[in-house]
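Rule-based calculations on the coordinates, nothing more; no lab input. Source: prediction; values computed, not measured. So basically every Cβ, Gly included, is an ideal-geometry build from the backbone, and we count neighbours across all protein chains shown.
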Amino acid sequence: MVSLNLLLVATVWTYWNHEPADHLRRMSSCASTVFTVGEWLPRWYDRLHGDELIGKVSGVGVDMVYCHFFKGFGLEHERAEMARTRDFVRKAHAHGVKVLGYCQLASLYWEAMLDEVPDLEKWTARNYDGSVSTYGNHYYRWEPCFGSREFMDYLKKVVRYGVEETGLDGFYFDNSYPRYCCCERCQTAFRQFLEKTVSNPRETCGLAHFRNVRLPPKLEQSEAGPEWHDPFQIWRQRFHHVQQARFLKELFDYVKETFGPDKITLHNPAYGRNNFERAGLDVAIQPKSCDFMMAENSRVIRAAPDGRLITQVAAYKLGRRFGFKVVESSWMTAQDAGGTGPQAIIPRDADTLKRFYAQGMIYGDIAGGPWLARTAKHGDRVMFDDPVHADTAANVFGFFRKHEARLFATTPVARAHILYATDTFYGWSYEAKGFHSFIDGTERLNAEAVPYTIVTEQDLAEVPSGDLLVLSDLRFLSKNLYGALAAAGARGVKILPLGQVGLFDENGKERAADDPIIGLSRVKGLVSDVPPAFKVSLSAGGIMAETQVNAKGEYILHLLRPGNDSTIGELTVVPCDPRASGTPELLSFEKECSLDGAKREADGRTVLAIRNFRTACSLVFRPR
Ligand SMILES: [Zn+2]
C-alpha cells in the first residue's frame, strides 16, 4: 500500500476559481450554468482576490483552495493575472490557507500563445486525418499532445514560475487525460508499446509484426454498437492510459523532486464519467502521480426514486487503496432557463450539502466541496453569503477538524472485498459498461450495508479464508487472474460473481462455451448472494455502512444515508463484526442524533438503538 503524504492531513477544500478573466471573456456563453460568468464578472472577480472572503471562508475551517494560474494563453499573456494570483496567495497564507494554481492540460489558446511560441502547432494533438485536434467545438483552443516533449518542458516552466514567482503551494492540473492523438510521435510510441506488451502478434491479430501499424480510428461507440472485433481498439485504450500515467508521473516527480515533497499535486481526469475508453483513468497504473485526484462527474450522492443509491464511494475507496485523496466536484443538473438544455447547478439545501460533505469525510478523510466561492450571479455575491451554505460548512467542517484524527484518518477494515480488475473496462467499453459494472457492484454493496474494501489482483493472495470476494462482471478475464481466483476459492475465500465471467480473454478472444473459466464453473467457494454475516443489519433501508480502525485501535462503524430527506426516530443497528461489542460512543454533526442503548443478545451480537438519525453518525467501539 502507498502511504499518504502526512502533510495532507485535515484538508478542508473549496473551489476559489479556475479561470483568468480572459478565458471567461473569450469563452462567453449563451447558457446559464455554474461555469459561465456574465455581466457581474468584474465585481465577483475582484472580491475573490481580496482579503475579506478568504478570511471568512478560512474561519469555517477551509485550509486549501485552487485559484486561476495558467489557462493556456501563455506565460507572457497571463503574467498580469498571475501577479493577481500572487497577491491573493499572500492573503490566503495569512489566513492559513494553501493555494493550488490551476494548470490547464488540454488547451492552448493559439490566438494568444502564437505570439510567445511561433511553432505551437508542433505541440498539438492530431485527429485520425492529421488535422489539429481542438477542445470540443472551441476552435480557438488547440489540444496539446501528451507525447510532446516541448509541451512537457513548457509545463515545467509554468510550474517553476508558479512556485518561485507566485508562491503557490502546489498545482491543480485540469483535464489530465490524454487527447485521442494520431501524431507521428504517438504512432511511434504506440508501435513501441505493442512490441513491448504483445508478444505474439501473429496469434493475437494475424500480423507478423507491428512495424507498419498505425493507431486505429477513434471508436464512436454509441454509433458502432456494443461489439467490435479489433484487438487494436483494446490496445489503443491501454496505450493511452499508459501514456497518461507516464505524463502525470513526470509532472508529479518534477514538482516533488524540484520543489519539495510538501508541494501538492491535484489532477482532474474527469474520473467516473461514462467514457472510460476516451477520458477515464486507470488508477491501478497511476499510483504516486498525485496527492489528490478530482472526481468530476454527475454522481452527486443521492437515493434515486427507485431506491438505488448513486454515490462517489468507489472513487474514495480507490483513493484509500492507491494512496491519494479524492477531491469531489460532482454536479447536479437542471434545465437552463435560456432553453439550452440541462446545465450544472449548485445545491442550496442543507440535506444535500450534509450528505455530500459526510461522504468525503467518511470514505475519503477529506471535507469540502466546489461551491463556496461560486458566483451567485448578482454583483459580488457568492454561495458563502447564503446562510444555508455558510452554516452547514461551519457545522460540518468544524466537526471534521475536531474529530478527524479519531474518526477519519483511519484504516478501512472489512471482511468483504470487491475486485478492481481492468480487462473488462477495456474490452466491454461500449458506453463504459465494463467500468460502470464495477461502480454498480460497489453501489450494490453500499445499498446492502456491506462494509468492504477494494482489492486488486496483487492483493488476492492476502485475502483471508472465510472472507467474501465480490467480482463485478469480469467478462474479459485473463488466465492468470482466473488462476488467482481459483486459488482464493480453494483456500476458503467465498466468491460472489455478479454479471458475466470469463466469456473472453484479456485481448477479446471468445472462449468455447464449455471452457471452465466461463462462470468459474470449477472454482470452489462460489456463493450467489452476500451472506448475512457480512452485512450490518438495520431497521431501515438505504443506509450505507463503512468500518475502519483508528490509530488507537478503536473500531469505528460509520453510517451514511444518501436519502436523508427525513429523520428516522428510532433506528436499530446490529453490527457484523465481533470488534463492535460493548457500548460505543456515538458522534455526529447532527446534534439531535444520539445513542439510546446497546445490549448484548444471546448469540453474542450487539444491538444498538439510535435516536433521530438523519444523515450520518459514527459509532466508536473501544479496543477489546
Ligand atoms: Zn500525439
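Things to note:
- Whole-number D in µm²/s for the range 258-298 (Stokes-Einstein; Kirkwood sum over Cα pairs; 4 °C, 1.567 mPa s): 114 µm²/s
- Within the same chain, aspartates and glutamates fewer than 8 places from residue 524 are excluded, and of the rest, those with a Cα less than 14 Å from its Cα are 467.
- Spatially proximal lysines relative to residue 599 (Cα-Cα < 22 Å; intrachain offsets below 8 disregarded): 535
- Charges were assigned to the Cβ only: +1 to each Lys and Arg, -1 to each Asp and Glu. The resulting dipole of the range 463-611 about its Cα centre is roughly 420 debye.
- Rg over Rh, two decimals, the range 416-532 (C-alpha only, Kirkwood Rh): 0.94
- Using alpha carbons only, the radius of gyration of the range 1-130 set against its Kirkwood radius gives Rg/Rh = 1.04.
- 25 °C / 0.890 mPa s Stokes-Einstein diffusion coefficient of the range 55-165, Kirkwood radius on C-alpha pairs, µm²/s: 160 µm²/s
- Stokes-Einstein D for the range 500-551, Kirkwood Rh over Cα pairs, 10 °C, 1.306 mPa s (µm²/s): 106 µm²/s
- Kyte-Doolittle at least 0.0, axis length at least 15 Å by Cα - qualifying DSSP helices, the chain: 479-491
- Residue ranges 523-536, 236-249, 183-196 sort as 236-249, 183-196, 523-536 when ordered by packing (mean number of other C-beta atoms within 10 Å per residue, highest first).
- By the equivalent-ellipsoid construction on the alpha carbon gyration tensor, the range 535-621 comes out with semi-axes of 19, 15, 12 Å, ordered largest to smallest.
- By average C-beta atoms within 10 angstrom, highest first, the peptides 566-577, 410-421: 410-421, 566-577
- In the range 118-246, the inverse of the mean reciprocal separation of distinct Cα atoms equals 16.6 Å; this is its Kirkwood hydrodynamic radius.
- Rounded to the nearest 20, the Cβ-based charge dipole of the chain about its Cα centre (Lys and Arg +1, Asp and Glu -1) stands at 1160 debye.
- Annotation: lysines with alpha-carbon distance below 17 angstrom to residue 552 (same-chain offsets under eight excluded): 402.
- Rounded to 5, percent antiparallel among DSSP beta bridges of the chain: 50 percent
- Restraint check, 91/263; 288/494; 157/288; 122/288, Cα-Cα greater than 25 Å: 288/494; 122/288
- The tail of the calculated P(r) for the chain, taken as Cα-Cα distances beyond 30 Å, holds 56 percent of the pairs.
- When you count the other C-beta atoms within 10 angstrom of each residue and take the mean per peptide, 92-101, 609-618 line up highest first as 609-618, 92-101.
- Volume per residue that the Cα convex hull of the range 179-310 spans, once the total is divided by residue count, Å³: 154 Å³
- Sum of -39500 (n - 2.57) over DSSP H runs of 4+, divided by residues of the chain (222 nm, nearest 500): -9000 deg cm²/dmol
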